[in-house]
Structures are given as C-alpha cells and as structure tokens.
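Report on one structure; see the data block that follows.
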Amino acid sequence: MTFCTSRLVPKLAAGFAAALAFTASADAAEHTLMPSSKTVHIGHFAPNVKPVLSVDSGDFVTVETVSMLTPEDILKSGVVPASSIPPYQAEIFREVKDRGPGPHVLTGPIEVRGAEPGDVLEVRIISVDLAHDFGFNRQRPGAGAIPEDFPNLWQRIIPIDKAKKTAEIAKGVVIPVNRPFFGTMGVAPPLTLGRISSGPPGIHCGNLDNKDLVAGTTLFIPVHVKGALFSVGDAHAAQGHGEVDLTGIETGLKGRFQFIVRKDMKLAWPRAETPTHWMVMGLHIDLDEAMKMAVRETIDDITKRFSHLTREEAYMIASVAVDYHVTQVVDGTKGIHGMIPKAIFASR
C-alpha cells in the first residue's frame, strides 16, 4: 500500500551547497512509500511501468525496500526468527508474478511531475537506516570476479545488530554496518530500450552498487521519459569496493529522499556529489573502457565547472588529485567512479 501524508516541510534550496546545507521554503510535501505487491516491481526497469506514487519537484519521500530473499530462504537458515521477517516479504513473493530478467526487488516507480526527457533528476539522499535485522551474502555459479574458482551456489544468512551497527559475517569476523546504501537507484530507460534487466547499471543509473552513495550525497540522473519514474532497492548493509563475490550484505533499508527536477542541467551519464567531492562514473563491460570513460567524464566535469582550465590541465588534475575506485565488477556492466576533491579548487 502507498501511504502519503499531506504535511508540508521545508523545501531545499535550488543549489546544492558544498556542505549539503538545507535552506527553508514552505511548499514541499512529505510522502511515505512502503513495499507491497502493489508498490514493487522485480528484476527490471521499463518506460511503461505505471507509477505507484506521484510527487512534485522538491517533495520528500521516505521509501522502504525489500531484500531478494524469500521468507522460506530466511527461515531455513535457522538464524533468523519468523518475527524478524516483515509481513510484506511473503506477500510480495507470493503475489508478484511478473519478474525478471534481473533479481532485484525495487520499490516504485515514483513519478516526479514536471520531469521531461532531457532534464536531470536530482536525488538527494537525506537519510538511510537499517530496516531489517538480517541480511545475506550469496555466491552463484558463473558469477562474481573469479567464477572459475567458485563453481557452487553458496549463501549465508547474516544477523545484524541494529543497535551496535555491526554484523558478524564469520566466526570472529565483525564488520561495521554504519554506512548502509541502496545498491540500485534509477529511472526508466529510454523508450527505444524498452524493458531492461535490473542487473547492469547504465544510462538510467540503476544497479551502481556504489558504496559511496550514502546518506548526505546526491545523485544526478538523466531523465528519459516523462515523470522520470524513479525506483530503488538492492539495499546493502555493507559492501567493499568491487563487490567481488557478487553481493554485499543484502538487506532491507528505509531511506528518505528529496527529488528535484533540474531543467538547468544536461547530462549524458549519471553523476553524483558528496559534501567533499564531485563524483563521476565510468560504466562498461570492459573495466579498462570503464576507466577511460571515468577519466573522460572527469575532464568534462572539471572544464565545465571551471572554464579557465584547459583539457590538458584537467587531465593533469585527474592524475594528481582524483581517486578512482573500482565500484563493482560483477554486474555485467562494470563500474569505475572518480572522486574529484572540491577543496583543491580555490576559485570555486
């Protein structure tokens, strides 16, 4: 069921300040979107998926997401009590028959009124909180960074201590889960692509599996269809850069977003911003090509922000000051993201 409130809250300013500071206006509404068989779609992005919620530019939406585990998978592990499984989990897997070709359970889509093809959807990630006290890690035949070394299906259900924000993933191995993030955030693809898998990221954004897109960051996504049609899922309690065995700690999260239609921006590919960095992305089935794309996106971003800098100077900056991370290597389309430090630009 979709829940929407009529309470009005302050709208963020049009510009995104370096410290992500919020300024007040008075016409942004709060909405809540919970997962159910009527408000999720499984395994795909498509330009013709009907929106389950419509909001105005500037509105805030609190969204909860579901993991890819069936209740049967969770219970047979013996480490999670039935009381920990949210009631919508069974209903979703029982009722939603239209699935694939990917695996992700996505809450949405959310229509942002006024968004048109050629615009940019600014997605401000206000907060991200753990919704479940369990997660899982899965290795699958033919997948992962070294599938030839691990030919068998393997899965572990992992209890999460929400109070301590830790998870014991193996005996004596405890990791923090204090920077959860949504692995998949995206809009509908262009009409010419039709229905696409939720697995590979792309021009629609989608399954980036980028551990740096935590609360306090903002994603900028090119819009391809009217209303943008934003969906979110693939919640991660933790993940390393690379996500080499196929998954992080997959779980359920509750996130609060603000959506802003940007008609003053034009982007060919998704980009992002943190309080301290501008983020560019390279996406390609070949990791070398993904790296080349990330470097070219860096040069483009710097020279557009600072018109006095030449391409040669931007290339130099990319080499001496920008950190490039292997986002993930397991989603078919691999990812590299570059972090451009804001602090080095005195003129900004």
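The values are calculated or read from the model by the stated rules, or taken from the named source; none is laboratory data. Keep in mind it's a predicted model, so treat the numbers as computed, not measured. Here the Cβ is made from the backbone with ideal geometry for all residues, glycine too, and neighbour counts use every protein chain on show.
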Is one or more of the residues making up the range 44-53 touching a Gly at 6+ places or on another chain (Cβ under 8 Å) and farther than 18 Å from Leu229 by Cα? no
Might you check whether a residue that is farther than 27 Å from Val66 by Cβ and hydroxyl-bearing (Ser, Thr, Tyr) occurs anywhere in the range 237-252? no
Give the number of residues within the range 298-319 that are part of a helix (DSSP H, G or I) and closer than 18 Å to Ala272 by Cα. 9
Would you check if there is a residue in the range 143-153 being under 19 Å from Gly242 (Cβ atoms), touching a residue at least 12 places away in the same chain (Cβ under 8 Å) and touching an Asp or Glu at 6+ places or on another chain (Cβ under 7 Å)? yes
Taking into account only those residues within the range 323-333 that are over 17 Å from Ala272 (Cα atoms) and not hydroxyl-bearing (Ser, Thr, Tyr), which is surrounded by the fewest Cβ atoms within 10 Å (Cβ to Cβ)? Gly332
Here is a list: Pro151, Pro147, Pro87. Which entry is more than 20 Å from the chain's Cα centre (by Cα) and modelled with pLDDT under 95? Pro87
Looking at (1) out of contact with any Ser or Thr (no Cβ under 7 Å at 6 or more places or on another chain); (2) farther than 22 Å from Pro201 by Cβ, can you tell me which one Ile157 breaks? (1)
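Each row is one residue, and each column tells you yes or no for (1) in contact (Cβ under 8 Å) with a residue 12 or more places away in the chain; (2) out of contact with any helix residue (DSSP H, G or I) (no Cβ under 9 Å at 6 or more places or on another chain); (3) in the same structural domain as His284 (by TED's automatic domain parsing).
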site: Thr303; (1), (2), (3): no, no, yes
site: Phe306; (1), (2), (3): yes, no, yes
site: Arg311; (1), (2), (3): yes, no, yes
site: Ala318; (1), (2), (3): yes, no, yes
site: Asp323; (1), (2), (3): yes, yes, yes
site: Gly332; (1), (2), (3): yes, yes, yes
site: Gly338; (1), (2), (3): yes, no, yes
Which of the residues that make up the range 120-147 are among the charged types (D, E, K, R) and more than 24 Å from Lys165 (Cβ to Cβ)? Glu122, Arg140
Scan Asp161, Asp149 and give me the residue that is surrounded by fewer than 24 Cβ atoms within 10 Å (Cβ to Cβ), over 26 Å from His325 (Cα atoms) and acidic (Asp, Glu). Asp161
Say we look at the range 57-84 and pick out the residues that are modelled with pLDDT of 90 or more and hydroxyl-bearing (Ser, Thr, Tyr); which of these is farthest from the chain's Cα centre (by Cα)? Ser83
